[in-house]
Amino acid sequence: MGTRVGEAALLLKGIEKRFGLVTAVRGLDLAVAQGEFVTLLGPSGCGKSTTLGLIAGFFPPDAGEIYLGGRHVENLPPFARDIGVVFQDYALFPHMTVAQNVAFGLKMRRVDRAEINARVEEALDLVKLGGLGSRRPLQLSGGQRQRVALARALVVRPTVLLLDEPLSNLDLKLREEMRAEIAALQRRLAITTVFVTHDQGEALAMSDRIAVMNAGAIEQIGRPTEIYERPATRFVADFIGRTNVMPATVGAAGSTQVSLVTVQGATIEVATAHSLATGARALLAVRPERATLATAPVADALSLRAEVTQILYLGASREIHLTLDDGPAVIVDLANDGREPPIEIGDRVWFVAAPASCLVLPA
Amino acid sequence: MSLARRAAGPWRALRWTVAVIYLFMFGPILITAAVSFNASNRSQFPPQGFSLRWWGNALSEEWLEPVLFSLQLAGATAALCVLLGAPLAFILTRQRFRGREVLVALTLGPLMLPALVTGVGLLQFFQYMGLRDYIGFPSLLAGHVVISLPFAVRTIAISLHGLPPNLELAAMSLGAGRARALWEIVVPLAKSGIIAGAVFAFVHSFTDVNLSIFLAAPGQIPVTVKIMGFLEFGFAPTLAAVSVITLIVPLTVVGIMQWLFGLGDFIYGDARG
């Protein structure tokens, strides 16, 4: 990234972590700016939680450097790092009241009694739990516990807030509510945040930037729109949303434009940042909502013959499953515009995607 | 209806089984208690007449001294077992390290070994190492800690197993040092296990005779050993009264702890606290 120490609130340089024979994180570089919300996104076992643990100081890295607020911290224990952590299972102290839980970090910092009380109250109000300070964690609902954990981490005004899949134990409705709330709170407090999740919806909705992780390394990092609209690899394209992928060969390659030959011999001109050699194998990717169906081929667009195999009604949209002639199975999402599309299983149709909707991925 | 009737058979059998078990458990105790009130010189049941003179004997200096000695010994054993057992249990549940298996074997080994063997071994150890002067309370304390520690460690380990390690990490992320996190979070949450461990160690020590018989010294005799010695002269009704006393002491300790801390969950095997 070329970011120097001091510019970033959090900086990881060349971080390596092995557990026995397993390399959990390999050569990871990450810079998080002051006030930025960065999400580490990836499947389980990709190293995202390990990375969070390394930032928190729960275990030391085998190699690399970590800077927090310009301070060199990879050799410091968690209690010397000035962090706030929200755990997946909240890790509230069950023998303490809500107020005592929130006060814990301030007590450890020897803040005086009166200020503790004021700040605890303020923090509980912030997460809309005012008046519940005397409850025990076990008397609270899952969503309320989540808020206590958040208040407990925020009240110490940490350099960086670390969130380890904090929403995964909530039911869908509450999860959507909390993700909007946490995102709003983070913007309001402008607190530097690293969020770990395997849920791409949360990542897209909440983040300033997303780092997609795979096998211990960052596969791609960028703003949510970049990650979604211009995935750099097949892994990213598959992991964030769904993607129809078909094999292709590079016809003629320009500097920003490439001509691809795909199934059924169809040719399409696609913009690309990848440098590809003529004759090289590549992948052509089209998001289901960016494709459509037609009864005849469309000029200047990718048009492929296909047969309808399944129609799923999802309310907001219809998911049409197709099999391309001499090609893979693909999906088209048709937004619900109030009319029923005149398609039935077994129909012969054209799968159509405009050049702007087509992506080239390295094979 | 027919389902309920079919179920009644096994239930009735279970009830009878429980009743018989209770009879075998409490019958001898009740008979012993009854015998201690005999008016005659012989231990007999049903008791002849009613007298408190055996209780007078039992509550005399001769018997109160060993009871008090046993109390002190059991108290010290319980305290030491907690001081050693809590860190041991913590290390064994939380850490993976070389030699862990050896430590487990050393800690829990005495469970497999007859206390008699430990007793003989300790006696020889104290004699041959020139520690003869320490036979008595110090040797008894050492022996009782060895045989009671497994109970304390096991009980405390169970309570620690139920604690998510994330709690300590959360405390540390909030600025608590390792020791502070243990003291503020782990110890309070493992409290009932620690106290149950102490109670088990206390009871185990108080009721031990196998080991104590080798390590007692004149004037430093646990009540169980004293009872064994007294039995050589036959079962006098005094012994019945003493037996009841030695039964009441640990029961009272368990009762007080139960009342103060609510150990029911541990004593009856539900470790969730």
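For A:Leu106, the test of being more than 10 Å from every other protein chain (Cβ to nearest Cβ), buried (at least 17 other Cβ atoms within 10 Å of the Cβ) and touching an Asp or Glu at 6+ places or on another chain (Cβ under 9 Å) is failed. Does the stretch B:206-226 contain any residue that is within 15 Å of the chain's Cα centre (by Cα), without any contact (Cβ under 8 Å) to a residue 60 or more places away in the chain and open to solvent by 10 Å² or more (accessible area, probe 1.4 Å)? The answer is yes, given that some residue of the stretch B:206-226 is within 15 Å of the chain's Cα centre (by Cα), without any contact (Cβ under 8 Å) to a residue 60 or more places away in the chain and open to solvent by 10 Å² or more (accessible area, probe 1.4 Å).
Exactly one residue out of A:Leu304, A:Leu324, A:Leu293 is closer than 30 Å to A:Glu219 by Cα and open to solvent by less than 60 Å² (accessible area, probe 1.4 Å), and it is A:Leu324.
For the stretch A:25-70, a tally of residues being surrounded by 15 or more Cβ atoms within 10 Å (Cβ to Cβ), polar (S, T, N, Q) and in contact with an Asp or Glu (Cβ under 9 Å, 6 or more places away or on another chain) returns 2.
Only one entry in A:Asp347, A:Asp325 is over 15 Å from A:Thr243 (Cα atoms) and in contact (Cβ under 8 Å) with a residue 60 or more places away in the chain, namely A:Asp325. Here the condition is being assigned to a helix (DSSP H, G or I) and either within 14 Å of another protein chain (Cβ to nearest Cβ) or out of contact with any Pro (no Cβ under 6 Å at 6 or more places or on another chain) (or both); of B:Ile147, B:Ile156, it holds for B:Ile156 alone. Here B:Gly197 does not qualify as in contact with a Ser or Thr (Cβ under 6 Å, 6 or more places away or on another chain), in contact (Cβ under 8 Å) with a residue 60 or more places away in the chain, part of a helix (DSSP H, G or I) and within 14 Å of another protein chain (Cβ to nearest Cβ). Do any strands (runs of 3 or more DSSP E) lying entirely in the stretch A:190-267 carry at least 1 residues that are at pLDDT 90 or above, and which ones are they? Qualifying strands (runs of 3 or more DSSP E): A:193-197, A:209-214, A:217-222, A:244-253.
Taking residues in the stretch A:83-104 that are in contact (Cβ under 8 Å) with a residue 24 or more places away in the chain, and partners anywhere that are among the aliphatic types (A, V, I, L, M) and part of a strand (DSSP E or B), the pairs with Cβ atoms closer than 7 Å and at least 6 places apart or on different chains are A:Ile83/A:Val160; A:Ile83/A:Leu162; A:Gly84/A:Leu161; A:Gly84/A:Leu162; A:Val85/A:Leu162; A:Val86/A:Leu163. In the stretch A:351-363, the count of residues that are touching a strand residue (DSSP E or B) at 6+ places or on another chain (Cβ under 7 Å), in a loop (DSSP other than H, G, I, E, B) and surrounded by 12 or more Cβ atoms within 10 Å (Cβ to Cβ) is one or more.
If you filter the stretch B:19-56 down to residues that are within 30 Å of B:Gln220 (Cα to Cα) and hydroxyl-bearing (Ser, Thr, Tyr), you find that the one that is surrounded by the most Cβ atoms within 10 Å (Cβ to Cβ) is B:Ser36.
Counting only residues that are touching a helix residue (DSSP H, G or I) at 6+ places or on another chain (Cβ under 7 Å) and assigned to a loop (DSSP other than H, G, I, E, B), how many does the stretch B:47-68 have?
Residues that pass the stated criteria total 1.
A:His95 meets all of the listed conditions (1) open to solvent by less than 20 Å² (accessible area, probe 1.4 Å); (2) within 12 Å of another protein chain (Cβ to nearest Cβ); (3) within 30 Å of A:Ser141 (Cβ to Cβ) but one, namely (1). Considering the conditions (1) open to solvent by less than 90 Å² (accessible area, probe 1.4 Å); (2) within 26 Å of the chain's Cα centre (by Cα); (3) modelled with pLDDT under 90, B:Leu59 is excluded by exactly one of them, (1). Selection of the stretch B:159-186 for residues being of a type in the set (A, V, I, L, M) and at the interface with chain A (Cβ under 10 Å from one of its Cβ atoms) yields B:Leu163, B:Leu167, B:Leu169, B:Ala170, B:Ala171, B:Met172, B:Leu174, B:Ala176, B:Ala181, B:Ile185.
The values are calculated or read from the model by the stated rules, or taken from the named source; none is laboratory data. On a predicted model such as this, the values are computed, not experimentally measured, just so you know. Backbone-built Cβ (ideal geometry, glycine too); neighbour counts: all protein chains shown. Side chains are part of the model used for accessible areas, which takes the heavy atoms of the whole protein and leaves out ligands, DNA and RNA. Shrake-Rupley method; radii C 1.70, N 1.55, O 1.52, S 1.80 Å.
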